[in-house]
């Protein structure tokens, strides 16, 4: 399996970052060439299902995911319990697990840690391209989390009194 971890600090409270991250369709706003839709049923919590469609035309593929762990952050103060969400990827192309945490930090900030451990089909291909997949995943998700941070920071700043 190819795995990677990305860490991003955000100048916004953990509750705002969490709410933004679990708004699944919004992931398409930050991830290039990706559109996300929820599947019928609950949009959040354990059992929620969504599909990320990534690519262009015939080179696009679906990445269906199911939430298997859901623990929102307990608050926005340092020391409050962090939030954690884990999904299982069950597509024809991408399989494996991903999770993220949102940790409250001082001064209304938070830290997002994103981890992926995936295999691509055909599965034996992963063995040969594991280093490339890990680097590409790390670079791609770092850019995605930077875009998320800018988005939630702008929204949070807009809510502050002038």
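Read-outs throughout are calculated quantities, based only on the coordinates presented, and are distinct from any laboratory measurement. Here the structure is a predicted model, which is why all the values come from computation and not from measurement. A quick note on method: Cβ atoms are made from the backbone with ideal geometry, for glycine too, and the neighbour counts reach across all protein chains shown.
Using a basic spin-label model with each label point 7 Å from the Cα along Cα→Cβ, how many nm lie between residue 33 and residue 146?
Taking the two extended label points, one gets 1.9 nm.
Between residue 9 and residue 90, what FRET efficiency comes out of the Förster formula 1/(1 + (r/R0)^6) with R0 = 30 Å and r the beta carbon distance, rounded to 0.05? Write out the running numbers ahead of the final one.
On the way: r = 31 Å, r/R0 = 1.04.
Given R0 = 30 Å and the Cβ-Cβ separation, E is 0.45.
Treat each spin label as a single point 7 Å out from the Cα along the C-beta direction, and report the residue 62 to residue 132 distance in nm.
Each label point lies 7 Å from its Cα, and together they span 2.7 nm.
Suppose the chain between residue 40 and residue 115 were pulled fully straight at 0.36 nm per residue; how much longer would it get relative to their current alpha carbon spacing?
24.4 nm
Which stretch or stretches of the range 95-122 have amide N atoms under 18 Å from the point lying 7 Å from residue 26's Cα along the Cα→Cβ direction?
What the label zone holds, given the 18 Å backbone N cut-off, is 100-105, 108-114.
Go ahead and run the numbers for FRET between residue 51 and residue 107, Cβ-Cβ distance against an R0 of 45 Å, rounding to 0.05.
On the way: r = 37 Å, r/R0 = 0.82.
Given R0 = 45 Å and the Cβ-Cβ separation, E is 0.75.
With runs of 4+ DSSP H residues as the only contributors, calculate the mean residue ellipticity of the chain at 222 nm using -39,500 (n - 2.57) per run, divided by the residue total and rounded to the nearest 500.
The helix-only estimate for the chain comes to -10000 deg cm²/dmol at 222 nm.
Among (i) 38, 34, 33; (ii) 53, 34, 28; (iii) 41, 37, 27, only one was calculated for this model; which label is it, if the read-out is Cα extents along the principal axes in Å?
Label (ii) holds the value from this structure.
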